[in-house]
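Colleague: Okay, handing you the structure first.
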Ligand SMILES: C[S@@+](CC[C@H](N)C(=O)[O-])C[C@H]1O[C@@H](n2cnc3c(N)ncnc32)[C@H](O)[C@@H]1O
């Protein structure tokens, strides 16, 4: 294995842009959730948290549900080559299981781990190398929410190492993944971007955290305590602590919020200052007063029906779905709306 890796970095994650986004988050008192994955330290904290609490790592039923989704997607792909594009790949564990299954179906696999965090992209690449040859792996760093030319860049030859022998062959199927991403974005911001990335012949595997049961409000209330644990608190607080806020400057609180425009509910984590604190970034001063709050994080909870409706609004159609028995997570096989079943 070579000791150097080519990583393509999109302008949406160039330092000056990231700096602007940070200042914007502090001015608005609403932290863009990408800042919770910014540093190697935060990436490691999130990976530890994911390992400890994610049902995909700890619940056999959840793993089986993902496996069913992977098998269904693999069965639909008829070409001998598949390019998996992991949008918000995180540590790449789910994508790697998918790649493994595709390989077991005798597919030649290519992988573009794509994330806002360079540390995540490199972790996902490392995980995937158990299955994908190094020459078929094309790490890509970008901000999926703000970049507006991604359909031309993600997964294209421009993403690849441009030596003549390398790159993704044009005659390969594309399978995009968007696992655990939708909860942390305003749907009207991210879904048009996602739709633009899905070409008519592509498949998209999508997963969402769900509110269990027939009563939506009661389902969201039921899962609220899952967010309030020491590893999540530690991970979320890292952003503020790194800016010079003290643990004793206030209190981290979790609550349920209504997004009436989208007919959705989300869990929101906010830090409420109990004493005044000044933060300085790039010669800009931010004064937080006692009693003031900054939103650190939100996580939408959907129901399968709400997923279907919101995807349809943005031109995406569910072909199949698998829901875990606790009804707290679901995997969806998705295509562009109006694309009929078996075209490959
Ligand atoms: C909840 S994790 C999901 C990771 C992985 N897909 C999984 O299911 O295990 C969210 C991921 O989205 C990435 N992310 C956050 N904001 C992003 C953005 N604006 N553009 C691209 N990736 C982003 C984070 O770095 C993190 O890896």
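The values are calculated or read from the model by the stated rules, or taken from the named source; none is laboratory data. These numbers were taken from a predicted model, which means no experiment stands behind them. For neighbour counting, all protein chains shown are included, and Cβ atoms are generated from backbone atoms with ideal geometry for every residue, glycine included.
Colleague: Residues in the stretch 161-172: is at least one crowded, with 18+ Cβ neighbours inside 10 Å, within 16 Å of the ligand (Cβ to nearest atom) and either at pLDDT below 95 or assigned to a helix (DSSP H, G or I) (or both)? So that I can check it myself, show each step before the final result.
Modeller: Of all residues in the stretch 161-172, those crowded, with 18+ Cβ neighbours inside 10 Å come to 167-168, 172.
Then keep just the ones that are within 16 Å of the ligand (Cβ to nearest atom); that gives none.
No, the stretch 161-172 has no match at all.
Colleague: Further question: Which residue out of 255, 221 is farther than 24 Å from residue 19 by Cα, part of a helix (DSSP H, G or I) and in contact with a strand residue (DSSP E or B) (Cβ under 7 Å, 6 or more places away or on another chain)?
Modeller: Working: 255 fails: part of a helix (DSSP H, G or I).
Answer to the check: 221.
Colleague: Being surrounded by fewer than 24 Cβ atoms within 10 Å (Cβ to Cβ) and in a loop (DSSP other than H, G, I, E, B) is true for just one of 103, 78. Which residue is that?
Modeller: Working: 103 fails: in a loop (DSSP other than H, G, I, E, B).
When all the criteria are applied, what remains is 78.
Colleague: So residue 97 clears everything in (1) assigned to a helix (DSSP H, G or I); (2) crowded, with 19+ Cβ neighbours inside 10 Å; (3) modelled with pLDDT of 95 or more; (4) within 11 Å of the ligand (Cβ to nearest atom) except one condition, right? Which one?
Modeller: Residue 97 satisfies every listed condition except (2).
Colleague: Are any residues in the stretch 23-44 modelled with pLDDT of 95 or more, over 27 Å from residue 152 (Cβ atoms) and part of a helix (DSSP H, G or I), and if so, which ones?
Modeller: Result: 23, 25, 26, 27, 28, 36.
Colleague: Here is a follow-up. Those residues that are part of a helix (DSSP H, G or I) and either within 14 Å of the ligand (Cβ to nearest atom) or under 19 Å from residue 154 (Cα atoms) (or both), I need them from the stretch 188-199; list them, please.
Modeller: Step one: list which residues in the stretch 188-199 are part of a helix (DSSP H, G or I), which gives 188-197.
Those that are part of a helix (DSSP H, G or I) and either within 14 Å of the ligand (Cβ to nearest atom) or under 19 Å from residue 154 (Cα atoms) (or both): 189, 190, 191, 192, 193, 194, 195, 196, 197.
Colleague: Suppose we filter 180, 213 for residues that are out of contact with any strand residue (DSSP E or B) (no Cβ under 9 Å at 6 or more places or on another chain), modelled with pLDDT of 90 or more, outside any helix (DSSP H, G or I) and closer than 24 Å to residue 266 by Cβ; which single one remains? Walk me through how you get there before you give the answer.
Modeller: Values: 180 fails: out of contact with any strand residue (DSSP E or B) (no Cβ under 9 Å at 6 or more places or on another chain).
One residue alone meets the criteria, 213.
Colleague: Same structure, new question: Which residue pairs have Cβ atoms closer than 7 Å, lie 6 or more positions apart in sequence or on different chains, and pair a first residue in the stretch 16-41 that is on the phi > 0 side of the Ramachandran plot with a second residue that is assigned to a helix (DSSP H, G or I) and within 12 Å of the ligand (Cβ to nearest atom)?
Modeller: Cβ pairs passing all conditions: none.
Colleague: Given the condition more than 13 Å from the ligand (Cβ to nearest atom) and either surrounded by 20 or more Cβ atoms within 10 Å (Cβ to Cβ) or under 13 Å from the mean Cα position of the chain (by Cα) (or both), answer yes or no: does some residue in the stretch 29-50 qualify?
Modeller: Within the stretch 29-50 (the criterion being more than 13 Å from the ligand (Cβ to nearest atom) and either surrounded by 20 or more Cβ atoms within 10 Å (Cβ to Cβ) or under 13 Å from the mean Cα position of the chain (by Cα) (or both)), the answer is no, since none of the residues qualifies.
Colleague: Does the stretch 234-249 contain at least one residue that is in contact with a strand residue (DSSP E or B) (Cβ under 8 Å, 6 or more places away or on another chain) and under 21 Å from residue 55 (Cβ atoms)?
Modeller: If we filter the stretch 234-249 for residues that are in contact with a strand residue (DSSP E or B) (Cβ under 8 Å, 6 or more places away or on another chain), which is where we start, we get 236-237, 239-240, 243-246, 249.
So of that shortlist, the ones also under 21 Å from residue 55 (Cβ atoms) come out as 236.
Looking through the stretch 234-249, at least one residue is in contact with a strand residue (DSSP E or B) (Cβ under 8 Å, 6 or more places away or on another chain) and under 21 Å from residue 55 (Cβ atoms).
Colleague: Checking residue 143 against (1) modelled with pLDDT under 95; (2) assigned to a loop (DSSP other than H, G, I, E, B), which test does it fail?
Modeller: Looking at each condition in turn, residue 143 falls short on (1).
Colleague: Take the conditions within 16 Å of the ligand (Cβ to nearest atom), modelled with pLDDT of 95 or more and in contact with a helix residue (DSSP H, G or I) (Cβ under 7 Å, 6 or more places away or on another chain) and apply them to residue 154. Does it pass? First the steps, then the outcome.
Modeller: On the way: within 16 Å of the ligand (Cβ to nearest atom): yes; modelled with pLDDT of 95 or more: no; in contact with a helix residue (DSSP H, G or I) (Cβ under 7 Å, 6 or more places away or on another chain): yes.
When the stated conditions are applied, residue 154 does not pass them.
Colleague: If I ask for residues that are part of a strand (DSSP E or B) and over 25 Å from residue 183 (Cα atoms), which ones from the stretch 259-295 would you list?
Modeller: Applying the first criterion (part of a strand (DSSP E or B)) to the stretch 259-295 yields 259, 264-273, 277-281, 284-288, 293-295.
Selection gives 273, 277, 278, 279, 280, 281, 284, 285, 286, 287, 288.
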